[in-house]
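**Student:** My structure is below; once you've seen it, I'll send some questions.
The values are calculated or read from the model by the stated rules, or taken from the named source; none is laboratory data. The shown structure was predicted, so the numbers you read here are calculated from the model rather than taken from an experiment. Positions of Cβ are backbone-derived with ideal geometry, glycine not excepted, and every protein chain shown enters the neighbour counts. Each accessible area value is taken on the protein alone, full model and side chains, heavy atoms only, with ligands, DNA and RNA left out. Shrake-Rupley method; radii C 1.70, N 1.55, O 1.52, S 1.80 Å.
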There are 2 protein chains.
Amino acid sequence: MLQTEYLGYAAGIITTLAFLPQAIRIFRTRQTRDISLLWAFAMNLGIILWLLYGIEKNDLPIITANSITLVLLLCILYCKVRYKQNPAEDGKSAEKT
Amino acid sequence: MLQTEYLGYAAGIITTLAFLPQAIRIFRTRQTRDISLLWAFAMNLGIILWLLYGIEKNDLPIITANSITLVLLLCILYCKVRYKQNPAEDGKSAEKT
């Protein structure tokens, strides 16, 4: 059982830290052309639900992983909405630099 | 308890379906410049571990959600590796169109 918990923590750490290079890439390039807005929005919503599921089940790996993932995904969603600087890709006219 | 299961299924369905518009966007534009390779790779690895965790815990929402997510993430990772057509963004020289 303890081994299963470790598996959960490993999964949580990897899928959580995975969003770090993605967030860093977006912060660095300030480009979100190839990121789907629907993906970013739905992921935030879904991760909130996973968090509630973890709380209900009192499952610490799920709670910990999804809390951190939510923070990083909120940053990515913010950037996606903020950096609409490529009209051709985002389908909007914007002249911000 | 049944209500918690529904919460898990809702979370699983949303975070799973979230990858569908992302995968479609990549298939359609054939652009993966703003997608982090490290994110795509780590997500695939992490989701495999979540799947194993779900199997160990006999947790059907986790098993179902992560199985489908894995398929979509494998497609995204494949495209990220395949469509390295933007030298400026991907840091590689390629002349494919």
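**Student:** Give just the number: which of (1) open to solvent by less than 70 Å² (accessible area, probe 1.4 Å); (2) modelled with pLDDT of 95 or more; (3) of a type in the set (A, V, I, L, M) does B:Leu37 not satisfy?
**Tutor:** Among (1) open to solvent by less than 70 Å² (accessible area, probe 1.4 Å); (2) modelled with pLDDT of 95 or more; (3) of a type in the set (A, V, I, L, M), B:Leu37 violates only (1).
**Student:** Can you report the number of residues in segment A:39-67 which are under 12 Å from the mean Cα position of the chain (by Cα) and not β-branched (Val, Ile, Thr)?
**Tutor:** Number of matching residues: 11.
**Student:** Moving to a separate point now. Among the residues of segment B:71-86, write down those that are touching a Leu at 6+ places or on another chain (Cβ under 9 Å) and either over 16 Å from A:Gly46 (Cβ atoms) or not in a helix (DSSP H, G or I) (or both).
**Tutor:** B:Leu77, B:Lys80, B:Val81
**Student:** Another question, then. Under 7 Å by Cβ, and 6 or more places apart or on different chains, what pairs join a residue from segment A:28-42 that is without any contact (Cβ under 8 Å) to a residue 24 or more places away in the chain with one that is open to solvent by 20 Å² or more (accessible area, probe 1.4 Å)?
**Tutor:** Cβ pairs passing all conditions: A:Ser36/B:Pro21; A:Ser36/B:Arg25; A:Leu38/B:Pro21; A:Trp39/B:Pro21; A:Ala42/B:Ile14; A:Ala42/B:Leu17.
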